1. Can you bin the range 157-293 into rounded, prolate or oblate? Criterion: square roots of the alpha carbon gyration tensor eigenvalues sorted a ≥ b ≥ c, rounded for a/c under 1.5, prolate for a/b above b/c, oblate for the rest.
2. Within the set of other residues whose C-beta is less than 12 Å from the C-beta of G376, count the net charge using Lys and Arg as +1 and Asp and Glu as -1.
3. State which entries of K170/K218; K114/K187; K114/K180 exceed 27 angstrom in Cα-Cα distance in the structure shown.
4. Summing +1 for each Lys or Arg and -1 for each Asp or Glu, what net charge is found among the other residues whose Cβ lies under 15 Å from the Cβ of E206?
5. As an exercise, use a Förster radius of 56 Å and the Cβ-Cβ distance of S52 and A424 to find the FRET efficiency, rounded to the nearest 0.05.
6. I need the calculated FRET efficiency for the pair A387 and T151, taking r as the beta carbon distance and R₀ as 60 Å, to the nearest 0.05.
7. Can you order the peptides 291-298, 45-52 by their average number of other Cβ atoms within 10 Å per residue, highest first?
8. Within 10 Å, count the other beta carbons around each residue, average over each peptide in 349-361, 68-80, and list them highest first.
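We did not get these values from a lab; they are worked out from the coordinates using the rules stated. From a predicted model like this one, the values you see are computed outputs, not experimental measurements. For neighbour counting, all protein chains shown are included, and Cβ atoms are generated from backbone atoms with ideal geometry for every residue, glycine included.
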Amino acid sequence: MIVPVGDFLSIKIPDFSAARVLVVGDLMLDRYWSGSSSRISPEAPVPVVHVSERDERPGGAANVALNMAVLGGQISLLGVLGDDEAAHVLEKTLLQAGVHCHFIRQSDTATITKLRVLSQHQQLLRLDFEQPVSQGAVDTLHDRFQTILHTADVVVFSDYAKGTLRDIAKLIAIARAQGKIVLLDPKHSDFSRYHGASLLTPNVAEFNVAHGHHCESKAALVSAATAMIRRYAFEHILITCGEQGMLLIDAGGQAQEIAAHAREVFDITGAGDTVISTLALCRAVGLPVAQAMLLANHAAAVVVAKLGTASVSRDELQQSVHAQHATRQGVLDESSLLSEVALARARGERITMTNGCFDLLHIGHITYLQEAARLGDRLIVAVNTDATVSALKGADRPVNKLQQRMSLLAALGCVDWVVAFSEATPERLIAAIQPHVLVKGGDNHAQNIPGADSVRAAGGEVQVLSYVEGFSSSAMLSHIRDRQ
């Protein structure tokens, strides 16, 4: 069974400053040459690009480390470089971002470099410059790994199949023996070499290749992934499915999925790096895997809207979460409402709250709710359940059932959120929400309003609004009955 992951994540992005992560893998420098292209070469049927801009960015494992450093983590990076100009550019960029670099130099080997030629934001050509990583460099990397492993709580292996991680099974075993969480972004099709890793993040195409068969459905993906998890002693596999979102599977065959958040896909380069970077930081600060997946999904949505290899800032991640939650209004359960309130507070919005039965909606209610809405940016209306209305008003009430009453209130332009409460008073709910302003109609006394004390204690205020004479649900019902 595949369970959709509810977006229970509050607006507050975790503080990643205590996250200690070691990234190990293939280091690269991504170069971008861009310019106009308005003619075809007379020498061959290819476009001529007049290069006017040049950009250089960390790639591979270096991009994974940079992503985490930008989000504020304590990041160490271990890998192999040449002793050339590309290596110096890469190291300088990473050091400026606060990454702790532990590099093994190969004086007779060039740093892996990918040169992309673009025109009008379209990639025309990619040139790869790479040479094999020597076994001597790999042996040195293993020694260095054991020396610095104690500095991290989470280890990320970024395997681009360039040779740095050719003996990765030994590294995983060492890390797991010391109790480290191990995350892995695989490029090899043989997943047995990753035996014992905590979590793998293949995309759906990579997973199908590793599985050996194309999975025609999500159910088939779950079945295949479950078998693979058990066979190779993984804890989870997170399959990224592009515009179809993400699928998280555990050893018990339980699967959770989340829809993609990307509103515009401009370039998928480095999206996998962003996903595993965000996952690693979240796990390093103790977030459960499902919550880590939610944030990783938001981070991926940000990065695919950028050109080329890119990272995601904390502000961008925050804005992505804001954007998703901004449109959630109307009738909500309490858990969803609390998340919305947290989002609104983070945006600096003022929360107003009221409560009542609202059995027969009338002009008095409308006037009072409109007045309440003017006291803040968001208005919450808490509504008595049918049982509590009967306890207050009598066995013949309510006339309208709970869902009808809530739907009518949600349709009013002045109301943002409607939530039900089943207790005799909404005092507990009010204390949980802590609105800036608690309001009631003019037939109430400020000192007797349930929840007023908790609102004042939190620095909020309590207001009694105007009362429209001659209108009440009870009076309306009595009038109707008299006419029958």
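1. Rounded shape, in that the Cα axes give a/c under 1.5.
2. Within the 12 Å Cβ shell, the charges total -1.
3. The pairs that break the limit, which is 27 Å between Cα atoms, are K170/K218; K114/K180.
4. Its environment carries a net charge of -2.
5. Using R0 = 56 Å, I get an efficiency of 0.20.
6. 0.55
7. Descending mean neighbour count gives 291-298, 45-52.
8. The most tightly packed comes first, giving 68-80, 349-361.
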